[in-house]
Amino acid sequence: MQNFKVCLFLLLCFTSLLTQSCGVNPATGKQEFQLVSDKKEISLGEQNYPYGQQSSGGIFIHDADLTKYVQHVGQKLTKHCNRPTLPYEFKIVNHSIPNAWAMPGGKIVINRGLLIQLESEAELAAVLGHEITHAALRHGAQSMERGMLIMAGIVAADILMPDENKMQKKALLGGAALSATLLQTKYGRNAELEADHFGMDYMVKAGYDPAGAVHLQEMFLKMVDKKSPNWLEGLFASHPPSKERLTANQAYAKTLPKGFLGKEQFQQKIANLKKWDPAYKAFDDGLEALKDKKYTKAHELATKAINLFPDEGLFYQLRGAIYMQEKDYKPAIQAFTVSIAKNPNYFYPYQQRGYCYKKMQDYKNAKLDLDKSQKLLPLEETKLALDTL
Ligand SMILES: [Zn+2]
């Protein structure tokens, strides 16, 4: 019986391979084996983009001019890429960790924490050009295709597995949300080199100086040498920098025409980020203090951040989180309420306020908040809290 199931499964796999195996490689223009169609790739990106933004800190809402600028630079590059017809989008997310990512189908974000580290528009173009390449050359889709083949192996193993182990396997299969998988995609060494190389082509065609891509790698390597923990968690986890990448970029830049660096323009555009940086620094330190259970210090840092930049919802969220740890649920709810008023589109303060209401046995309000949180970002832990109301 089990063998029959395996055969049926393999037959289904094989049929699906036959029906979806034809596609054009965007880099070479040649036919290649593809499991994920263009349509599927685009719809996956569209469905998971909002969740990816939520789990990366939510949209950065305080500087519409800066957002427009990032989008303008990004769109300028897409005109010259290998798949200009993808529905590219560019957003800034509100996270201090320096990072950037692309989902299949051209859905791209850059973190506030990376923007502030850059020095010129050409460096921004290098980051975005690199991410555009991951989408344009199907790097995400390709790693999903590899994942699908691995999954096929897991499912086959599941069919053969005795029943008592199946629960565990099921948790493994269902536990990781797809958007998280898409975000944690690690591309191989070749994909990284390719993304740098093609990204530089797009930059140059859009008029930028390829030196931007060289500076970027130099800066990344310096950060690695310093072992900056934020960097190791962020961009470097998915885009490991290396001497090899720097050398390749230097060599390629030499063959390309010079262009626009845009240092001054860029510095003007990130002036607000620089102005608010001490507030975000206090917030980040406050998070660390909270982790170390130094509540008085954490409160001081939250208050400092709020005084420096009262419009930022994250800072009230920190205050709420500290009160919550102190089991002081009333002021925690107040702080999360202010956080929500400052930014009603981020899941976290709803989730946390929902937990507080639950603790206070106000199940009606708990349900309202947890439902809202689930709508913005469906999470297993929120579901569990809802199920046990
Ligand atoms: Zn990359």
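Only the coordinates and a few stated rules stand behind these numbers; no lab work does. Remember, predicted model here, so these are calculated numbers, not experimental data. Positions of Cβ are backbone-derived with ideal geometry, glycine not excepted, and every protein chain shown enters the neighbour counts.
Here are some notes:
- Annotation: aspartates and glutamates with alpha-carbon distance below 15 angstrom to Lys91 (same-chain offsets under eight excluded): Glu46, Asp63, Asp65, Glu131.
- Between the amide H of Phe260 and those of Tyr208, Asp209, distances stay under 5 Å, these residues lying 5 or more places away or on another chain, with hydrogens modeled in the peptide plane.
- Once C-alpha pairs closer than 8 Å and six or more residues apart are averaged by separation and normalised to the residue number of the range 271-387, the relative contact order reads 16 percent.
- Cβ crowding within 10 Å, taken as a proxy for footprinting-reagent exposure, orders Val73, Val36 from fewest neighbours to most as Val36, Val73.
- Distant-in-sequence amide contacts of Lys91, defined by a placed amide H-H separation under 5 Å and a gap of 5 or more residues or a different chain, comprise Ile108, Val109, Ile110.
- Cβ-Cβ distance of Lys297 and His72, R₀ of 51 Å, FRET efficiency by 1/(1 + (r/R0)^6): the value works out to about 0.80.
- Residue-span extension gain [Thr255 to Lys205] - 0.36 nm each, minus C-alpha spacing: 16.7 nm
- Cys81, Cys22 arranged by Cβ crowding within 10 Å, fewest neighbours leading: Cys22, Cys81
- Low-density loop positions, trypsin sites (Lys or Arg not before Pro), the range 311-365 - DSSP coil, at most 12 other Cβ in 10 Å: Lys327
- Inter-label distance for Ser242 and Arg146, nm, one decimal - labels placed 7 Å from Cα along Cα-to-Cβ: 1.3
- Cβ-based exposure ranking for His139, His130, His299, in which fewest neighbours within 10 Å come first: His299, His139, His130
- Set of aspartates and glutamates with alpha-carbon distance to Lys68 below 13 Å, sequence-local pairs under 8 removed: Glu89
- Difference of contour (0.36 nm per residue) and Cα-Cα distance, Glu264 to Asp65: 70.1 nm
- Hits among lysines - C-alpha to C-alpha of Lys40 under 16 Å, sequence gap 8 or more where chains match: Lys107
- Loop-located GluC sites (Glu not before Pro) in the range 325-389, at most 16 other Cβ atoms within 10 Å (DSSP): Glu326
- Applying D = kT/(6 pi eta Rh) to the range 271-387, where Rh is the Kirkwood radius over alpha-carbon pairs, T corresponds to 20 °C and eta to 1.002 mPa s, the Stokes-Einstein value obtained is 150 µm²/s.
- All other residues whose Cβ lies under 14 angstrom from that of Gln34 are scored, Lys and Arg at +1 and Asp and Glu at -1, for a net of +2.
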